[in-house]
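J.: This structure is in structure tokens; I'll ask about it shortly.
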There are 2 protein chains.
Amino acid sequence: MRTIVQKYGGTSVANTKLIKNVARRVIRAKEAGNRVVVVVSAMGHTTDELLSLAREITPCPPEREIAMLLATGEQVSIALLAMAIDAAGYPVVSLTGFQAGIETDSAYTKARILSIRSDRLQKELNDRKIVIVAGFQGINEAGEITTLGRGGSDATAVALAAALKADQCEIYTDVDGVYTADPRIVPKAHKLEFISYDEMLELASLGALVLQPRAVEFAKKYAVPLVIRSSFNDCEGTLVGEVKSVENGRLVSGIAHDLNVAKIGIFDVPDRPGIARHIFQALADEYINVDMIIQGWVRNDHNDIVFTVARDDLARVIPVVERVVKEIGASGFVYNDRVAKVSIVGAGMVTNPGVAAAMFKALAREGINIEMISTSEIKVSCVIQEDQAIKAVGALHAEFFG
Amino acid sequence: MRTIVQKYGGTSVANTKLIKNVARRVIRAKEAGNRVVVVVSAMGHTTDELLSLAREITPCPPEREIAMLLATGEQVSIALLAMAIDAAGYPVVSLTGFQAGIETDSAYTKARILSIRSDRLQKELNDRKIVIVAGFQGINEAGEITTLGRGGSDATAVALAAALKADQCEIYTDVDGVYTADPRIVPKAHKLEFISYDEMLELASLGALVLQPRAVEFAKKYAVPLVIRSSFNDCEGTLVGEVKSVENGRLVSGIAHDLNVAKIGIFDVPDRPGIARHIFQALADEYINVDMIIQGWVRNDHNDIVFTVARDDLARVIPVVERVVKEIGASGFVYNDRVAKVSIVGAGMVTNPGVAAAMFKALAREGINIEMISTSEIKVSCVIQEDQAIKAVGALHAEFFG
């Protein structure tokens with residue numbers, strides 16, 4: 001018997017009518033003879049609504065209490081979905097993060113899954129029940145409720161699929177699959193039938209919000225076949241898996257853009273061993289993810305360090321940088337939260353040196369200034385002014401797909 | 001050092017401004033040198049809103065999933081209150097039912113607290129933290145989330161006060177204390193400074209919604225001094241405790257009324273031993289509380305049995321009665337959900353035989369027909385037509401409080 005893990009995002013369960021719709025899809029998978037585990041997110045904008053309640057109380061709530069607060073969103077969804085499936089006459093049980101044995105570290109609102117104690121899950125599946133699991137949440141060693149950070153339900157689904165050795169992990173969302181660019185911005189963008197884990201990982205990390213990067217990482221590590229599909233239609237979706245041949249015939253698989261970017265520059269950093277570690281350890285201690293880092297040419301034993309973070313994190317980054325600037329004896333710092341990142345991703349570019357040049361040329365043609373560049377074997381990213389991002393994505397899609 | 005348990009109901013935490021107000025009260029108790037445990041209900045109408053979501057999914061959701069759903073309401077409140085107290089600079093921690101060690105039976109939405117594993121609570125108090133506990137919820141032996149039924153947060157507060165041997169349990173609500181009748185109906189009703197556990201138990205059971213009966217029972221059993229106060233002002237409130245003298249000078253302490261009543265009559269029940277047990281066991285199996293039971297005079301080896309239940313439960317009662325009527329060979333049944341119960345309560349009436357008569361006289365004077373009567377040592381209750389309830393309460397208050 002095949003084991004399927006399905007994950008439904010917040011837009012797929014935004015109201016009770018949609019929840020009933022999800023129940024029908026889940027039942028269809030059960031009726032097809034599968035063991036079915038379903039991971040759900042909080043309904044619609046619940047998480048944002050809860051966060052704005054918290055903000056009405058205080059600008060800086062403790063992370064532990066944020067996790068306590070946000071975990072309720074998914075608990076509502078699992079109960080309602082279980083009710084809908086029960087009403088259709090199928091045995092079902094809903095499980096919170098702690099009941100499903102999802103053990104995480106203690107980074108309360110950005111926790112990582114450490115392991116899955118799957119005995120309860122296995123027992124319920126053996127009892128022929130459909131199992132509904134709250135996404136985005138877990139429990140740490142001390143029995144405290146944690147949340148996995150935005151998009152964490154994807155990670156829950158993939159981790160469960162890995163733990164249960166599932167045959168497939170289906171990520172249901174409000175788009176049909178992975179596109180060559182965001183179709184809301186580039187009308188000519190088309191859906192990909194297949195994309196490799198590595199390409200998906202880059203796309204996800206670069207702001208293509210269809211899937212959480214950590215989930216892709218996990219899927220790659222445990223070779224969990226992922227399918228990204230819409231919960232609103234029966235289209236095929238995109239399969240994410242291992243590349244079958246090095247020559248997949250595509251130079252570039254997709255264009256990504258990310259508007260949730262801020263850049264910070266620290267000036268006149270003394271050129272001493274351990275200085276970079278000092279700066280970025282201080283940020284890591286606050287669970288702030290740093291994305292791109294650029295260090296210029298050393299002049300007079302000093303240089304400038306520029307890096308980017310998620311714009312959401314900027315308010316927490318500034319006090320850390322303020323402190324660090326004093327500690328290391330830099331001359332000061334500036335930040336800019338009106339920037340964006342555009343990227344091209346493709347497993348083919350590793351063997352083809354002209355791709356980055358083609359990207360820069362396409363941007364230059366539109367008069368777009370590149371502020372930072374970062375490359376990996378399968379992607380090139382540029383930080384540009386935020387108000388030029390849409391134009392940039394269009395130009396890049398035309399260059400590589402058009 | 002004194003230990004105080006405070007409980008704040010849904011109206012006291014209905015929005016973030018009120019939650020900050022509660023935080024100030026909690027801090028005041030802490031500043032006065034107490035160890036403080038706070039139990040909170042769900043914000044405002046959250047529980048009703050969650051239930052109506054469930055009803056959009058299905059008319060008969062499984063009880064386990066209702067508990068799973070409703071438990072989220074209190075979890076939101078504890079997180080927000082903890083944030084408000086933390087923002088004021090006081091060490092605080094919020095605990096869900098399972099984290100607070102509240103162990104219940106498995107009557108999912110009407111669970112009873114079996115015991116409190118208080119080690120976590122004690123540890124947090126010893127660390128000088130203010131501890132915020134989710135009311136209304138617990139966990140059963142199997143690790144499943146349960147809820148205690150409407151008003152269950154009172155039971156949580158009293159059970160915690162008993163487990164921690166607290167010096168006082170303060171129940172904060174939207175009224176100043178216990179009144180001689182509902183002040184919204186009887187403008188002349190006045191607040192009682194003191195009321196005995198037994199009287200409070202009767203008043204609470206009879207629909208004076210200021211306190212949950214089970215909470216009073218628990219408080220009496222463990223001799224927890226209760227104070228009922230408003231969270232919106234600093235008035236004194238009503239103390240609930242053991243009667244100091246048998247002669248407390250009052251014949252009647254209060255008038256209660258309950259509109260959440262339905263009566264059911266089963267006709268021509270065969271007069272055999274075990275028949276009553278059969279009927280009421282069937283209802284108990286569905287966790288339906290039966291209130292008044294009246295069995296008439298046996299004629300021709302048959303009689304009629306009439307009983308009342310909470311009107312909310314009627315939809316669940318009817319199919320049970322339908323089945324039972326067939327099983328026992330009764331001739332049929334009727335029900336009426338347009339009835340109400342009015343009651344007088346007073347520890348003094350046990351030694352004064354004229355009180356019930358005075359009650360019947362006062363009702364008769366207003367032309368109110370009595371459909372059922374039930375008495376205990378300290379109360380007399382009458383079931384009457386629902387549309388006469390308000391008039392009846394006024395007449396009884398005039399009779400006994402002049």
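J.: Out of the GluC sites (Glu not before Pro) in region B:256-333, which ones are loop residues according to DSSP with at most 16 other C-beta atoms within 10 Å?
T.: Of the GluC sites (Glu not before Pro), the ones in loops of region B:256-333 whose Cβ has at most 16 other Cβ atoms within 10 Å are B:286.
J.: Can you put B:263, A:379, A:361 in order of accessible area, largest first, using a 1.4 Å probe?
T.: Reading off the accessible areas and sorting them downward yields A:361, B:263, A:379.
J.: A further question on this structure: Within region A:340-358, whose backbone N sits under 18 Å from a point 7 Å along Cα→Cβ of residue A:251?
T.: Answer for this model: A:343-358.
J.: For residue B:181, what residues show an amide H to amide H distance below 5 Å, using hydrogens built from the backbone and excluding near sequence neighbours?
T.: Sorted by chain and number, the residues that satisfy this are B:190, B:255.
J.: Between copies, how far apart are the residue A:326 label points? List them in nm, one decimal, shortest first, with each point 7 Å from Cα toward Cβ, please?
T.: For residue A:326, the other copies' label points sit at 8.1 nm, shortest first.
J.: Loop only by DSSP, 14 or fewer other Cβ within 10 Å of the Cβ. Give me the trypsin sites (Lys or Arg not before Pro) in region A:129-212 that pass, ordered by residue number.
T.: A:165, A:184, A:188
J.: If you take the accessible area of B alone, add that of A alone, and subtract the area of the pair, what total do you get in Å², probe 1.4 Å, to the nearest 100?
T.: In total, chains B and A hide about 3200 Å² from solvent.
J.: Determine the sum of side-chain charges near residue A:141: Lys and Arg each +1, Asp and Glu each -1, restricted to other residues whose C-beta is under 11 angstrom from that of residue A:141.
T.: Once all neighbours under 11 Å are counted, the net charge is -3.
J.: Taking the axis about which chain B rotates onto chain A, which residue of B lies nearest it as judged by Cβ position, and how many whole Å separate them?
T.: Axis relating chain B to chain A; nearest Cβ residue and distance: B:72, 2.
J.: Quick one: work out Rg over Rh on the C-alpha atoms of region B:3-174, Rh as Kirkwood radius.
T.: Using Cα coordinates only, the ratio equals 0.97.
J.: How long is the gain from residue B:376 to residue B:272 if the chain were fully straight, where each residue apart is worth 0.36 nm and the alpha carbon distance is subtracted?
T.: Here the answer is 34.8 nm.
J.: I'd like the distance separating the alpha-carbon centroids of region A:314-363 and region A:3-35, in whole Å.
T.: 39 Å
J.: Can I ask one more? Where does the charge balance sit around residue B:252 when Lys and Arg score +1, Asp and Glu -1, over other residues with C-beta under 10 Å from its C-beta?
T.: Result for the local shell: 0.
J.: State the extension gain, in nm to one decimal, for the chain segment bounded by residue B:360 and residue B:15, taking 0.36 nm per residue of separation less the distance between their alpha-carbons.
T.: Gain on stretching residue B:360 to residue B:15: 119.8 nm.
J.: How would chain A be classified by its alpha-carbon gyration tensor: rounded, prolate or oblate, with rounded meaning a/c under 1.5 and the a/b versus b/c comparison settling the rest?
T.: Note, shape of chain A comes out oblate.
J.: Which order do the peptides A:352-360, A:193-201, B:296-304 come out in when sorted by mean C-beta neighbours inside 10 angstrom, highest first?
T.: By packing density, highest mean first, the sequence is A:193-201, A:352-360, B:296-304.
J.: Simple spin-label model, 7 Å along Cα-to-Cβ: residue B:302 to residue B:49 in nm?
T.: Each label point is offset 7 Å from its Cα along the Cβ direction, giving 5.2 nm.
J.: Here's another thing I want to ask about it. Once both labels are modelled 7 Å past Cα along the beta-carbon direction, what's the residue B:322-residue B:191 spacing in nm?
T.: 4.9 nm
J.: If you don't mind, there's one more thing I want to ask. What does the helix-only formula give at 222 nm for the protein assembly as shown: each DSSP H stretch with n ≥ 4 adding -39500 (n - 2.57), the total divided by the residues, and the result rounded to the nearest 500 deg cm²/dmol?
T.: Counting only the DSSP helices, I get -11000 deg cm²/dmol.
J.: What accessible area, in Å² to the nearest ten, does a 1.4 Å probe give for residue B:2?
T.: 110 Å²
J.: May I pose another question? Hey, if we sort A:94, A:118, B:331 by accessible area with the 1.4 Å probe, largest down, what's the order?
T.: B:331, A:118, A:94
J.: Enumerate lysine pairs in region A:255-401 that are 8 or more residues apart or on different chains, then count those whose Cα atoms are under 18 Å apart.
T.: Pairs that pass both the separation and distance tests number 6.
J.: With θ set to phi - 60° and the Karplus curve 6.51 cos²θ - 1.76 cosθ + 1.60, what are the ³J(HN,Hα) couplings of region A:365-375 in order, to the nearest whole Hz, using x for Gly and Pro?
T.: These are the phi-based 3J(HN,Hα) values: 4, 8, x, 9, 7, 9, 9, 9, 10, 9, 10 Hz.
J.: Further question: Sort shortest first the distances from residue B:187 to its counterpart in every other copy, using label points 7 Å along the Cα-to-beta-carbon line, and give them in nm.
T.: 6.9
J.: How crowded by other chains is A:92-103, given as the mean number of beta carbons from other chains within 10 Å of each beta carbon?
T.: 3
J.: Set Lys and Arg Cβ to +1 and Asp and Glu Cβ to -1, take the dipole of chain B about its Cα centre, and tell me which of B:227, B:34, B:72 lies farthest positive.
T.: B:34
J.: Once the mean 1/r over all distinct Cα pairs of the protein assembly as shown is inverted, what Kirkwood radius in angstroms do you read off?
T.: Answer for the protein assembly as shown: a Kirkwood hydrodynamic radius of 30.0 Å.
J.: Can you pull the one-decimal nm distance between simple spin-label points at residue A:28 and residue A:334, each 7 Å off the Cα toward Cβ?
T.: Computed distance between label sites residue A:28 and residue A:334 equals 5.5 nm.
J.: Solvent-accessible area of residue B:56, probe 1.4 Å, all protein chains present, reported in Å² to the nearest ten, please.
T.: For residue B:56, solvent-accessible area is about 90 Å².
J.: Which value, in Å² rounded to 10, gives the accessible area of residue B:45 with a 1.4 Å probe and all protein chains present?
T.: The accessible area comes out at roughly 130 Å².
J.: Sort shortest first the distances from residue A:28 to its counterpart in every other copy, using label points 7 Å along the Cα-to-beta-carbon line, and give them in nm.
T.: Values, ascending and in nm: 5.9.
J.: How many partner chain Cβ atoms sit within 10 Å of a residue's Cβ in peptide B:80-91, on average, as a whole number?
T.: Mean partner-chain Cβ count within 10 Å for B:80-91: 5.
J.: Multiply the residue gap between residue A:260 and residue A:233 by 0.36 nm, knock off their C-alpha separation, and tell me the result in nm, one decimal place.
T.: The residue A:260-residue A:233 span can extend by a further 6.8 nm.
The values are calculated or read from the model by the stated rules, or taken from the named source; none is laboratory data. Being a predicted model, the structure only gives us computed values, none of them experimental. Reconstructed Cβ throughout: ideal geometry from the backbone, glycine too, with neighbour counts over all protein chains shown. Side chains are part of the model used for accessible areas, which takes the heavy atoms of the whole protein and leaves out ligands, DNA and RNA. Shrake-Rupley method; radii C 1.70, N 1.55, O 1.52, S 1.80 Å.
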